[in-house]
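Structure first, then comments.
Quick note: the coordinates plus some simple rules give every number you see, no bench work behind them. All figures in this text were calculated on a predicted structure; none of them were measured in a lab. Note that each Cβ is placed from the backbone with ideal geometry, even for glycine, and that neighbours are counted across all protein chains shown.
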Amino acid sequence: MPRAVSSIASNLERIQERIARAAARSDRRPEDVVLVAVSKTFPAQAIRAAYDAGVRAFGENRVQEWEGKQPELADLKPSWHLVGHLQSNKARRASRLFDWIDSVDDVALAMKLDDAAAETNEWLAVLIEVQVDPTATKSGVAQVDLPALAEAVVQLPHLQLRGLMAIPPFCEDPRDARPYFRRLRRLRDDLEQQFGRSFPELSMGMSHDFEIAIEEGATQVRVGSAIFGDRPKK
Ligand SMILES: *Cc1c(COP(=O)(O)O)cnc(C)c1O
């Protein structure tokens with residue numbers, strides 16, 4: 001086995017153990033937390049290695065990059081997530097390439113995705129990305145605008161709003177990210193009350209802080225470098 005491939009498998013084993021322990025600390029089951037392996041910058045063979053080791057959800061952050069790798073992986077059947085910011089002029093391509101769009105942050109984008117999904121008679125699972133800290137990300141809907149955006153998205157017949165996503169600031173001590181995760185959960189709980197239905201998914205937590213996110217209710221953790229290794233510096 002090539003070294004990169006065997007290290008992906010052993011990294012995954014350790015991460016699954018950590019997920020299980022964090023889930024247990026919050027009285028949840030490990031299977032309630034989906035590991036979304038974020039494979040941006042890594043080649044198709046790394047994705048295949050993770051798939052062979054049992055990963056069934058992957059995240060990419062750019063439409064174009066994924067278009068390059070996707071043909072080599074067409075035989076795999078995990079769920080493919082777009083986790084990065086999406087410009088509405090790429091909505092059509094994204095709707096055909098991904099099962100989940102985790103980063104919906106405005107109405108125009110949501111409408112474009114809905115149109116594109118309607119053309120192929122399909123539907124897309126979506127998360128609304130919330131900006132929990134303006135210094136951490138430019139993307140994401142402002143918290144005050146979340147209810148109006150959710151109201152618009154639930155009206156769109158080809159989108160299924162499953163929950164919320166956020167990227168908190170990088171904190172040297174990952175415990176310092178806890179208030180942001182908690183806030184996202186509260187925003188979700190408020191929406192559920194307001195709409196009288198459930199939005200079960202909370203996509204939060206990355207390599208550095210996924211255990212804290214799980215303790216605060218994450219149902220999807222987006223983990224890249226802890227699985228695949230360090231990405232080349234920009
Ligand atoms: C890159 C990325 C991740 C994974 O980050 P790591 O620190 O490598 O785990 C998660 N979410 C988004 C939106 C990303 O762009």
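Here are the numbers for the structure shown:
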quantity: Residue in region 222-234 that is under 20 Å from Ile101 (Cβ atoms), in contact (Cβ under 8 Å) with a residue 40 or more places away in the chain, surrounded by 19 or more Cβ atoms within 10 Å (Cβ to Cβ) and not β-branched (Val, Ile, Thr) present; calculated: yes
quantity: Residue check for Ala136: in contact with a Cys (Cβ under 7 Å, 6 or more places away or on another chain), aliphatic (A, V, I, L, M), over 20 Å from Trp80 (Cα atoms) and surrounded by 17 or more Cβ atoms within 10 Å (Cβ to Cβ); calculated: no
quantity: Residue match in region 67-84 (condition: in contact (Cβ under 8 Å) with a residue 12 or more places away in the chain, within 30 Å of Ala142 (Cα to Cα), touching a strand residue (DSSP E or B) at 6+ places or on another chain (Cβ under 8 Å) and of a type in the set (Gly, Ala, Ser)); calculated: yes
quantity: Residue ID - surrounded by the most Cβ atoms within 10 Å (Cβ to Cβ), chosen from residues in region 48-72 that are within 16 Å of the ligand (Cβ to nearest atom) and over 23 Å from Lys90 (Cα atoms); calculated: Ala50
quantity: Failed criterion for Ala117 (all others in (1) under 24 Å from Met204 (Cα atoms); (2) touching a strand residue (DSSP E or B) at 6+ places or on another chain (Cβ under 7 Å) hold); calculated: (1)
quantity: Failed criterion for Thr135 (all others in (1) outside any strand (DSSP E or B); (2) closer than 22 Å to Gln220 by Cβ hold); calculated: (2)
quantity: Output for region 11-38, where each listed residue is closer than 16 Å to Ser203 by Cα and within 16 Å of the ligand (Cβ to nearest atom); calculated: Ile19, Ala22, Val33, Val34, Leu35, Val36, Ala37, Val38
